[in-house]
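Novice: Structure provided below as structure tokens; questions to follow.
The numbers here are math on the coordinates, done by the rules we state, and not lab data. Keep in mind that what you see is a predicted model, and the values were worked out from it rather than measured. Positions of Cβ are backbone-derived with ideal geometry, glycine not excepted, and every protein chain shown enters the neighbour counts.
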Amino acid sequence: MNSWQQRERALTILSKETGYTRKPHGSRLRVALAFPNTYWVGMSNLGFQTVYRLFNARDDIVCERVFLPPKQELAELLRTKTTLLTLESQTPVGDFDVFAFSVSFEWDYVNVLTMLRLAGIPRYASERGAQT
């Protein structure tokens, strides 16, 4: 799976949704809000939906969602080292100011590490260096 296929999948999902928020990034704080499981599991989580809406209720923040891809797509992304993209604008997660996670289940902890790897973000803060 390449970035183009990820973009097409995101647009297909958005075409079936109502209530999502799309804002220009501009000078806003950019938050990629991740649920470390598939779209269907994440969107059934009311806490995740609430955090998404609370962030986007602020004019100075743009929040976009990102989910763990389904198993076959995930294997292909890892194999090809294709970066993880957000749902709303299909922007690489590593380009955001904040990569936040909503974790509801202990067994999803390992998926946090997988998503960090897909985003090109080192797992340890000490390996990330100073941000300006």
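Novice: What percent of all Cα-Cα pairs in the chain falls in each 5 Å bin, counting up from 0?
Specialist: Each 5 Å bin holds this share of Cα pairs: 2, 10, 21, 25, 22, 14, 5, 1, 0.
Novice: Would you mind getting me the FRET efficiency between residue 123 and residue 16? Use the beta-carbon distance for r and R0 = 25 Å, nearest 0.05.
Specialist: Numbers: r = 33 Å, r/R0 = 1.33.
With R0 = 25 Å, the Cβ-Cβ based efficiency is 0.15.
Novice: Considering every pair of different Cα atoms, what Kirkwood radius, in Å, is found for region 9-78? Mind dumping the intermediate values first?
Specialist: Details: mean 1/r = 0.0762 Å⁻¹.
Kirkwood hydrodynamic radius for region 9-78: 13.1 Å.
Novice: Short version: ³J(HN,Hα) in whole Hz for each residue of region 89-106, in order, from phi by Karplus 6.51 cos²θ - 1.76 cosθ + 1.60 (θ = phi - 60°), x for Gly and Pro, what are they?
Specialist: 10, 6, 9, x, 4, x, 7, 7, 6, 10, 10, 9, 10, 10, 10, 10, 10, 4
Novice: Could you sort the peptides 8-18, 64-74 by per-residue average Cβ neighbour count (10 Å cutoff), highest mean leading?
Specialist: Numbers: 8-18: 11.9, 64-74: 19.4.
So the peptides 8-18, 64-74, ranked by packing, come out 64-74, 8-18.
Novice: Another question, then. How large is the translational diffusion coefficient of region 65-132 in µm² per second when you combine the Kirkwood radius over alpha carbon pairs with Stokes-Einstein at 20 °C and 1.002 mPa s?
Specialist: Working: Rh = 12.8 Å.
My calculation gives 167 µm²/s for D.
Novice: For Cα pairs less than 8 Å apart in space and 6+ apart in sequence, what is the mean separation divided by the residue count of the chain, i.e. the relative contact order in percent? Don't skip to the answer; put the middle values down first.
Specialist: Numbers: 182 pairs, mean separation 41.1, N = 132.
Computed over the chain, the figure is 31 percent.
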